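K.L.:
Have a look at this one.
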Amino acid sequence: MSYSDAKKKYAKIGVDTEKVLKDLAAIPISMHCWQGDDVGGFESVGGASNGIQTTGNYPGKATTPDQLMQDIDFAMALIPGRHRVNLHACYGIHKDKVVDRDKLGPEQFKPWVEWAKKRGYGLDFNPTFFSHPNVVDGLTLSSPDPKIRAFWVKHGIQCLKIAEYFAKELKSPCAINFWAPDGYKDEPSDRLGPRQRMADSLDRIFKTKYDKKLVVPTFESKLFGIGVESYTVGSHEFVMGYAQSRKILALLDMGHFHLSENVADKISSFLMFFGKVAFHISRPVRWDSDHVIRQNDDLRAAAQEIVRMGPKNFIIALDYFDASICRVAAWVLGMRNMQKELMKAMLTPNAQLKALQDAGEFTSQLVLQEEYKNYPFEEVWAEFCKRAKVVADEGWLKTVQKYEKDVLLKR
Ligand code: RNT
Ligand code: ZN
């Protein structure tokens, strides 16, 4: 079947494929720099710790800023559309001495901004509340030690400044996501105190002046972590309550809920009460394992909700890190999978299905939901890639494998 045949078939069910091609091209996805080096960053050679865990030892990872930028560029060239890059504070670029987290500023991120400007990427940001000796007894913003809290508060404040710098320089609002690993391995005797301290620390951070049009803070919840099995300070309820009352956005990470929970179902409620939804698209396998996202039912359901409620109301960021496979391939596959699921959702006559739901026509709804899954998506995807001048099929893997042989394995 050709694209024009597919276009006709979709037109019969009221779907305008040309509009889909245009709309999908306008959805930026924030690609996480940390898939490139197992959340290592450039401060020490120690790797990720304090609630972040990667598994695998695949060769070729980026160990310098130039390598990481080069790998991101390589991946982006195989992904249709224009996208954003999501940086973490631990990816600051330091001259001779590493500047500690409480003193970071635009200076350490200048090369990233220059690079992003040249390439046309927007930048998003994250303070790094892990992989640092000031994570004491697993706590940062909620530590009972005021000095530890002060250190992390200062870090948060500096990060807001960096986010504002990104947004101003690149003329594009910067989403800055706050996630802290704070929690306890075993049952605490005081569940309230750490939460009060975390709320107070965050209040001190957000008291800083920042341009609310340019800097968009989001706050991410989590159910548990390895070594933090019994209690997380930033639980779902805590984050919802804090974000709602302070008028910032809450962020949903697909790996941060009980595995039987339907994360997609949460989106409509978030949208109603926050106006916008921030997302970490991830794939938990038995736990918050951060596997590369697949075209599975969870991703499909999330993409459907995003499309039904209008992609403009979402901040879509990827968050996974697999160190057991080629890291560049992991980026390309995940980004394309996200786009494919968004496209599938856009190619669905959502208004028609909604009307069937409202009319109580559940048989037709079920049958059509299933039958539409087999419409010629592939041709529309191929057309999308053709117009974006990237390979539509698995041919991109060979390109990555050549890059791996010529560049990655020589590191
Ligand atoms: C951790 C959170 C958090 C991190 C990144 C690196 O469980 O998902 O978003 O993955 O900040
Ligand atoms: Zn996350």
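Since every read-out is calculated from the coordinates, none of them should be taken as a lab result. Computed from a predicted model, the values in this text were never measured in an experiment. We place every Cβ from the backbone using ideal geometry, glycine too, and count neighbours over all the protein chains shown.
K.L.:
Whether any residue in region 202-212 is over 24 Å from the mean Cα position of the chain (by Cα) and under 17 Å from Val135 (Cα atoms) is what I want to check.
P.N.:
no
K.L.:
I want to confirm something. Restricting to region 295-325 and keeping residues that are part of a loop (DSSP other than H, G, I, E, B) and out of contact with any helix residue (DSSP H, G or I) (no Cβ under 6 Å at 6 or more places or on another chain), which single residue is nearest to ligand 2 (Cβ to nearest atom)?
P.N.:
Step one: filter region 295-325 for residues part of a loop (DSSP other than H, G, I, E, B), giving 295-296, 310, 319-325.
Now restrict to residues that are out of contact with any helix residue (DSSP H, G or I) (no Cβ under 6 Å at 6 or more places or on another chain): 296, 310, 319-320, 323-325.
Working: Asn296: 18, Gly310: 23, Asp319: 4, Tyr320: 9, Ala323: 17, Ser324: 19, Ile325: 20 Å.
Among residues in region 295-325 that are part of a loop (DSSP other than H, G, I, E, B) and out of contact with any helix residue (DSSP H, G or I) (no Cβ under 6 Å at 6 or more places or on another chain), the one nearest to ligand 2 (Cβ to nearest atom) is Asp319.
K.L.:
Conditions: (1) under 17 Å from Ile93 (Cβ atoms); (2) without any contact (Cβ under 8 Å) to a residue 12 or more places away in the chain. Asn126 meets all but one. Number of the miss?
P.N.:
In the conditions (1) under 17 Å from Ile93 (Cβ atoms); (2) without any contact (Cβ under 8 Å) to a residue 12 or more places away in the chain, Asn126 misses (2) alone.
K.L.:
Here is a further query. Hey, any hits in region 205-223 for a residue that's within 19 Å of Asp137 (Cα to Cα) and out of contact with any Lys or Arg (no Cβ under 7 Å at 6 or more places or on another chain)? Before the answer, list the steps.
P.N.:
Narrowing region 205-223 to residues within 19 Å of Asp137 (Cα to Cα): 222-223.
In the following step, the residues that additionally are out of contact with any Lys or Arg (no Cβ under 7 Å at 6 or more places or on another chain) were identified as 222-223.
Yes, some residue in region 205-223 is within 19 Å of Asp137 (Cα to Cα) and out of contact with any Lys or Arg (no Cβ under 7 Å at 6 or more places or on another chain).
K.L.:
Let me spell it out: the conditions are (1) away from ligand 1 (no atom under 13 Å from the Cβ); (2) buried (at least 18 other Cβ atoms within 10 Å of the Cβ), and Asp253 meets all of them except one. Which number is the exception?
P.N.:
(1)
K.L.:
Related question: With the requirement that a residue be touching a residue at least 12 places away in the same chain (Cβ under 8 Å) and closer than 30 Å to Arg327 by Cα, what does region 1-25 give you?
P.N.:
Result: Val20, Leu21, Asp23, Leu24, Ala25.
K.L.:
Looking at the structure I just gave you, is Thr348 away from ligand 1 (no atom under 16 Å from the Cβ), farther than 26 Å from Ala250 by Cα, buried (at least 18 other Cβ atoms within 10 Å of the Cβ) and not charged (D, E, K, R)?
P.N.:
On the way: away from ligand 1 (no atom under 16 Å from the Cβ): yes; farther than 26 Å from Ala250 by Cα: yes; buried (at least 18 other Cβ atoms within 10 Å of the Cβ): yes; not charged (D, E, K, R): yes.
Spelling it out, Thr348 is indeed away from ligand 1 (no atom under 16 Å from the Cβ), farther than 26 Å from Ala250 by Cα, buried (at least 18 other Cβ atoms within 10 Å of the Cβ) and not charged (D, E, K, R).
K.L.:
Then there's this: Output the number of residues of region 268-294 satisfying the condition of being within 16 Å of ligand 2 (Cβ to nearest atom) and not in a strand (DSSP E or B).
P.N.:
Total meeting the criteria: 4.
K.L.:
Looking only at region 352-380, how many residues end up being touching a helix residue (DSSP H, G or I) at 6+ places or on another chain (Cβ under 6 Å), in contact (Cβ under 8 Å) with a residue 40 or more places away in the chain, of a type outside the set (A, V, I, L, M, F, W, C) and in a helix (DSSP H, G or I)?
P.N.:
1
K.L.:
Just name the residue that is nearest to ligand 1 (Cβ to nearest atom) out of those in region 150-194 that are in a loop (DSSP other than H, G, I, E, B) and of a type outside the set (D, E, K, R). Spell out the reasoning first.
P.N.:
So in region 150-194, the residues in a loop (DSSP other than H, G, I, E, B) come out as 171-173, 179-182, 185-191.
With of a type outside the set (D, E, K, R) added as a condition, the list becomes 172-173, 179-181, 188-189.
On the way: Ser172: 20, Pro173: 19, Trp179: 4, Ala180: 9, Pro181: 7, Pro188: 20, Ser189: 25 Å.
Per the stated criteria, the residue is Trp179.
K.L.:
Quickly run through region 1-54 and pick out the residues that are charged (D, E, K, R) and in contact with a Pro (Cβ under 7 Å, 6 or more places away or on another chain). I'd like the intermediate steps shown before the answer.
P.N.:
Applying the first criterion (charged (D, E, K, R)) to region 1-54 yields 5, 7-9, 12, 16, 18-19, 22-23, 37-38, 43.
Within region 1-54, just Lys9 meets the criteria.
K.L.:
Give the residue that is nearest to Leu202 (Cα to Cα), with candidates limited to residues of region 117-168 that are buried (at least 22 other Cβ atoms within 10 Å of the Cβ) and β-branched (Val, Ile, Thr).
P.N.:
My answer is Val153.
K.L.:
Here's something else I'd like to know. Of the residues in region 191-245, how many are within 30 Å of Ser172 (Cβ to Cβ), within 15 Å of ligand 2 (Cβ to nearest atom) and aromatic (Phe, Trp, Tyr)?
P.N.:
Looking only at that region, the number is 1.
K.L.:
Quick check, is Glu341 in a helix (DSSP H, G or I) and under 25 Å from the mean Cα position of the chain (by Cα)? Walk me through how you get there before you give the answer.
P.N.:
On the way: in a helix (DSSP H, G or I): yes; under 25 Å from the mean Cα position of the chain (by Cα): yes.
Taking the combined requirement at face value, the residue satisfies it.
K.L.:
When both residues are 6+ apart or on different chains and their Cβ atoms are under 7 Å apart, which pairs have a first residue that lies in region 237-254 and is over 23 Å from Ile306 (Cα atoms), and a second that is away from ligand 2 (no atom under 16 Å from the Cβ) and not in a strand (DSSP E or B)?
P.N.:
Filtered contacts from region 237-254: Phe238/Arg195; Tyr242/Ala199; Tyr242/Leu202; Arg246/Phe206.
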